[in-house]
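Read the structure below first, then the notes.
The values are calculated or read from the model by the stated rules, or taken from the named source; none is laboratory data. Quick caveat: nothing in here was measured; it's all calculated off a predicted structure. Cβ coordinates were reconstructed from backbone atoms using ideal geometry, including for glycine residues, and neighbour counts include every protein chain displayed.
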Amino acid sequence: MNTKMPDAEIQRPVKLSCRNLWKVFGANAAEFMRAHGGEATTAELDEASLVGAVRNTTLEIREGEIFIVMGLSGSGKSTLVRCLSRLIEPTTGELTFNGKDLLKASEAELIDIRRHKMGMVFQHFALLPHLTVLENVAFPLSIQGIGKAEREARAHKMIDLVSLNGREHHFPSELSGGQQQRVGIARSLAVEPEIWFLDEPFSALDPLIRREMQTELMRLQSVLKKTVVFITHDFDEAIRLADRIAIMKDGEIIQIGTPEDLVSNPATDYVAEFTADVNRAKVLSARTLMGAPTNKSNGLEKVAAKAKIASFAAAIVDSSKPFAVIGDDGEVMGEISPGTVIDLLSGKERGAGR
């Protein structure tokens with residue numbers, strides 16, 4: 001499995017991690033896995049009439065990143081996120097949250113962690129129909145035993161954060177689908193979670209509203225800097241939102257990387273299929289397609305190494321001249337030519353070639 005991590009991520013502390021995590025469904029699954037030393041082949045599982053929904057998964061989710069788990073229906077992504085929060089008990093493996101063994105937490109400790117440190121948003125909004133927007137957002141705080149004045153003040157703050165001012169006293173039936181999902185987001189944020197789990201939160205929405213909610217999520221993340229675990233089957237959604245993406249197939253993680261990693265260096269044919277129809281100009285950066293610098297580089301128009309091709313494609317094609325690619329320190333790293341960009345836009349460039 002490819003687990004390349006960008007240099008900028010290495011410095012972030014790990015918020016949540018798992019190692020050799022399995023979730024096996026079926027009779028006596030735990031005993032079976034113990035007897036097999038915590039490992040099992042597909043054939044062995046099939047012979048025992050067991051289903052490996054999550055198989056030998058190892059990953060680290062770092063503080064402040066949007067980590068997306070994606071795959072087709074039945075790939076195991078929703079089961080994985082429920083294992084990470086222990087809404088479903090893993091069969092075997094290790095699970096660590098804030099450096100502590102989450103599998104050793106008692107039921108009371110788990111309840112406290114979920115109430116105070118984890119926020120969850122699912123595809124179905126699950127709003128309480130008899131409560132107003134304000135009451136829905138404040139509901140998890142009432143479960144915590146927070147007084148009415150404090151919980152309503154915090155709920156008002158969250159309602160303002162998701163731009164639902166003026167609808168505090170509306171009921172869910174009086175809101176659009178996008179507005180209902182905003183209420184769900186506000187409710188999950190009201191507990192001020194350290195980690196935020198979102199399981200296909202926008203998939204039930206119309207395409208325009210879905211894109212609007214993606215923009216809203218990015219806006220909220222720019223303000224709140226939460227650690228986000230986001231589940232989706234939509235690669236376009238994933239590359240728009242993710243710092244890193246894990247692609248799952250048949251319960252296993254096939255590759256972990258940035259959107260650019262996955263598009264430019266797919267580890268398997270399966271990953272390549274996922275990325276085949278992506279607008280590569282919106283994913284690949286100048287750094288990926290640049291060539292070596294020349295003695296004329298310093299006199300050329302400059303573009304940042306991390307700039308996506310789409311952001312400067314028109315300018316470089318119009319200029320008919322190469323651009324100098326510069327790093328964060330302002331130094332020239334290389335050159336990118338109009339021809340390289342044209343090849344990418346026309347579909348001729350299918351990798352990190354120069």
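Do you know which of the residues in the range 157-172 that are over 29 Å from the mean Cα position of the chain (by Cα) and surrounded by fewer than 13 Cβ atoms within 10 Å (Cβ to Cβ) is nearest to L131 (Cα to Cα)?
Residues of the range 157-172 that are over 29 Å from the mean Cα position of the chain (by Cα), as a first pass: 166-171.
Subsequent filtering for residues that are surrounded by fewer than 13 Cβ atoms within 10 Å (Cβ to Cβ) retains 166, 169.
Details: G166: 16, H169: 9 Å.
Step by step, filter the range 157-172, then rank; the result is H169.
Among the listed residues K282, K302, which satisfies the condition of being at pLDDT 90 or above, of a type outside the set (F, W, Y) and closer than 23 Å to E237 by Cβ? Talk me through it step by step, then tell me what you get.
Working: K302 fails: closer than 23 Å to E237 by Cβ.
Selected residue: K282, the only one of K282, K302 that is at pLDDT 90 or above, of a type outside the set (F, W, Y) and closer than 23 Å to E237 by Cβ.
Output the qualifying pairs, or none if there are none: Cβ atoms under 8 angstrom, residues six or more apart or on different chains, first residue in the range 105-119 and among the β-branched types (V, I, T), second residue modelled with pLDDT of 90 or more and not in a loop (DSSP other than H, G, I, E, B).
Close Cβ pairs (under 8 Å, with a partner that is modelled with pLDDT of 90 or more and not in a loop (DSSP other than H, G, I, E, B)) amount to I113/F97; I113/L102.
Mind counting the residues in the range 196-231 that are among the hydroxyl-bearing types (S, T, Y) and either closer than 16 Å to F125 by Cα or not assigned by TED's automatic domain parsing to the domain that holds L84 (or both)? I'd like the intermediate steps shown before the answer.
Taking the range 196-231 as the starting set, the residues that turn out to be among the hydroxyl-bearing types (S, T, Y) are 203, 215, 222, 227.
With the extra rule that they be either closer than 16 Å to F125 by Cα or not assigned by TED's automatic domain parsing to the domain that holds L84 (or both), the set shrinks to 203.
Matching residues across the range 196-231 total 1.
Could you please let me know if D318 is at pLDDT below 95, outside the structural domain of E237 (by TED's automatic domain parsing), assigned to a helix (DSSP H, G or I) and surrounded by fewer than 14 Cβ atoms within 10 Å (Cβ to Cβ)?
Numbers: at pLDDT below 95: yes; outside the structural domain of E237 (by TED's automatic domain parsing): yes; assigned to a helix (DSSP H, G or I): yes; surrounded by fewer than 14 Cβ atoms within 10 Å (Cβ to Cβ): yes.
When the stated conditions are applied, D318 passes them.
From (1) of a type outside the set (A, V, I, L, M); (2) touching a Cys at 6+ places or on another chain (Cβ under 8 Å); (3) surrounded by 19 or more Cβ atoms within 10 Å (Cβ to Cβ); (4) closer than 19 Å to P193 by Cβ, pick out the condition that doesn't hold for G93.
Looking at each condition in turn, G93 falls short on (4).
I'm trying to understand the selection: among the residues of the range 137-155, which are without any contact (Cβ under 8 Å) to a residue 40 or more places away in the chain and either over 26 Å from M218 (Cα atoms) or touching a Leu at 6+ places or on another chain (Cβ under 7 Å) (or both)? Walk me through it before giving the result.
So in the range 137-155, the residues without any contact (Cβ under 8 Å) to a residue 40 or more places away in the chain come out as 142-143, 145-155.
S142, I143, G145, I146, G147, K148, A149, E150, R151, E152, R154, A155 - these are the residues of the range 137-155 that are without any contact (Cβ under 8 Å) to a residue 40 or more places away in the chain and either over 26 Å from M218 (Cα atoms) or touching a Leu at 6+ places or on another chain (Cβ under 7 Å) (or both).
Between Q181, Q123, which is buried (at least 16 other Cβ atoms within 10 Å of the Cβ), in contact with a strand residue (DSSP E or B) (Cβ under 7 Å, 6 or more places away or on another chain) and at pLDDT below 95?
Working: Q181 fails: in contact with a strand residue (DSSP E or B) (Cβ under 7 Å, 6 or more places away or on another chain).
Going through Q181, Q123 in turn, the sole match is Q123.
Matching residues to (1) in contact with a helix residue (DSSP H, G or I) (Cβ under 8 Å, 6 or more places away or on another chain); (2) within 30 Å of I316 (Cα to Cα); (3) not hydroxyl-bearing (S, T, Y):
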position	(1), (2), (3)
I185	yes, no, yes
P201	yes, no, yes
L208	no, no, yes
H233	yes, no, yes
I247	yes, no, yes
I253	no, no, yes
D261	no, yes, yes
V271	yes, no, yes
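For residues in the range 191-200 being aliphatic (A, V, I, L, M) and modelled with pLDDT of 90 or more, which is surrounded by the fewest Cβ atoms within 10 Å (Cβ to Cβ)? Give the derivation first.
Kept after step one, since they are aliphatic (A, V, I, L, M), are these residues of the range 191-200: 191, 195, 198.
Applying the additional criterion that residues be modelled with pLDDT of 90 or more yields 195, 198.
Working: I195: 22, L198: 24.
Across the range 191-200, the extreme among qualifying residues is I195.
Need the failing condition index for E60 against (1) part of a strand (DSSP E or B); (2) more than 30 Å from V263 (Cβ to Cβ); (3) among the acidic types (D, E), just the number.
Checking E60 against (1) part of a strand (DSSP E or B); (2) more than 30 Å from V263 (Cβ to Cβ); (3) among the acidic types (D, E), the one that fails is (2).
Would you check if K308 is more than 30 Å from T232 (Cα to Cα) and modelled with pLDDT of 90 or more?
Values: more than 30 Å from T232 (Cα to Cα): no; modelled with pLDDT of 90 or more: yes.
Answer is no for this residue.
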